Amino acid sequence: MIEKSYFTPSEPIFNPFIVKANTSSKVSSLWQMRVKNRIAYNYSSTFTSIPQKYIVEEKRKSINLQKLKDLEKLEYNWNGNGAEPFTTEVLNNANYIYHNIIREPKIFPTGRKSIQFEYEKNNGDYLEFEIFHDRVEVYMEVSEEEKEITIPLINVVKKVNEVINEFFES
Amino acid sequence: MSFLNPKIDENEFLYRAIKKSIPNQWDIEKNRPSSALFKDSKGVSVDRDGNRNKREIVTSFLERFGHTELKAIVNIRAGHCYEKDCSILYRPLDDNPFHAEIHNGNGKVELTKGQARFLAKNCTIVEQYDL
């Protein structure tokens, strides 16, 4: 099947007919968001060519999964300027958030004991989550207006997904 | 050792190396550094140009970091740092008389997210290796 070659085993293949039948049953909000994000892909992969943005999204996913593993292996002075290895708390937070967010980010290590998730639109609008051991700091540039908020770890995934939605729907 | 003017002119260029760690701070999709490159709890370590030409500066980085250890070298005009109210402190080292640090400018070491993003967007690639 076309879909199988583009989804990893952890990402269930979307079948529009099955989901229609199950909409009244227990479908998690995360699942619904992923379905929403992927429905166009599945239809177009069946009937037309695969849109570039979905290929990019799948490519990012494979890169990100590897990056999260590699972040655990970074040793002292990994940046040449005395940066320290990441703590288990930061790595756990990053992994937990990554596996529960609705869009693939770009992931980067910082030299201040945080891991950064980034999104950028073609028009230059920008969103980043800087994940620390005890909080997530959000920075957003939309139409050259800057906005910063801090999210505590309680309900962090819900808040992060709300911010992502707000950013991509603005 | 200190032989450069401690006050860094806005037209002077500051150079920063991106090490080839896995993962690193280079945004492959945009072919430029992520703002994560300018987020450092010790201050953003840079080299002043100190009236040297680019080749001399690149050679100096390669000798210190190792010829196979760098992903890229970028530079930023000091004026861009001042535009975002960063301070640039000349901090020569025994083995690097051109060393300086970019700080927040508000009495803090770490740059704000806005400052880091601005520097990432405005820096220029000097050299790229194996990208």
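Here are some notes:
- Hits in the stretch B:115-129 - residues which are part of a helix (DSSP H, G or I) and either basic (K, R) or at pLDDT below 95 (or both): B:R117, B:K121
- Residue among B:C81, B:C123, B:C86 that is under 26 Å from A:K67 (Cβ atoms), away from chain A (no Cβ under 13 Å), buried (at least 19 other Cβ atoms within 10 Å of the Cβ) and of a type outside the set (A, V, I, L, M): B:C123
- The residues of the stretch B:89-112 that are touching a residue at least 60 places away in the same chain (Cβ under 8 Å), surrounded by 18 or more Cβ atoms within 10 Å (Cβ to Cβ) and out of contact with any Ser or Thr (no Cβ under 7 Å at 6 or more places or on another chain), listed by number, are B:F98, B:A100, B:I102, B:L111.
Yes/no per residue for (1) small (G, A, S); (2) closer than 19 Å to A:F129 by Cα; (3) crowded, with 17+ Cβ neighbours inside 10 Å:
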| site | (1), (2), (3) |
| --- | --- |
| A:I63 | no, yes, no |
| A:K67 | no, yes, yes |
| A:L71 | no, yes, yes |
| A:W78 | no, no, yes |
| A:A83 | yes, no, yes |
| A:N93 | no, yes, yes |
| A:I97 | no, yes, yes |
| A:I102 | no, yes, yes |
| A:I107 | no, yes, yes |
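- Of the strands (runs of 3 or more DSSP E) lying entirely inside the stretch A:80-170, those carrying at least 3 residues that are within 12 Å of the chain's Cα centre (by Cα) and at pLDDT 95 or above are A:115-120, A:126-131.
- Restricting the first member to the stretch B:51-71 and to residues that are under 16 Å from A:N77 (Cα atoms), and the second to residues that are assigned to a strand (DSSP E or B) and hydrophobic (A, V, I, L, M, F, W, C), the beta-carbon pairs closer than 6 Å and six or more apart or on different chains are B:F61/B:A17; B:F61/B:I73; B:F65/B:A17; B:L70/B:A17; B:K71/B:I18; B:K71/B:W26.
- When the stretch A:113-127 is limited to residues that are crowded, with 19+ Cβ neighbours inside 10 Å and within 14 Å of A:N79 (Cα to Cα), the one that is farthest from the other protein chains (Cβ to nearest Cβ) turns out to be A:I115.
- Residue list for the stretch B:72-88, restricted to those being among the charged types (D, E, K, R) and either in contact (Cβ under 8 Å) with a residue 40 or more places away in the chain or touching a Leu at 6+ places or on another chain (Cβ under 7 Å) (or both): B:R77
- When the residues of the stretch B:24-34 are filtered to those that are over 16 Å from B:V126 (Cβ atoms) and either of a type in the set (F, W, Y) or buried (at least 22 other Cβ atoms within 10 Å of the Cβ) (or both), the one that is farthest from the other protein chains (Cβ to nearest Cβ) is B:N24.
- Residue within the stretch B:35-52 that is farther than 18 Å from A:R112 by Cβ and either within 11 Å of chain A (Cβ to nearest Cβ) or hydroxyl-bearing (S, T, Y) (or both) present: no
- Residues that are more than 7 Å from chain A (Cβ to nearest Cβ) and acidic (D, E) occur at least once in the stretch B:55-62.
The values are calculated or read from the model by the stated rules, or taken from the named source; none is laboratory data. Just so you know, these numbers come straight off a predicted model, no measurement behind them. Reconstructed Cβ throughout: ideal geometry from the backbone, glycine too, with neighbour counts over all protein chains shown.
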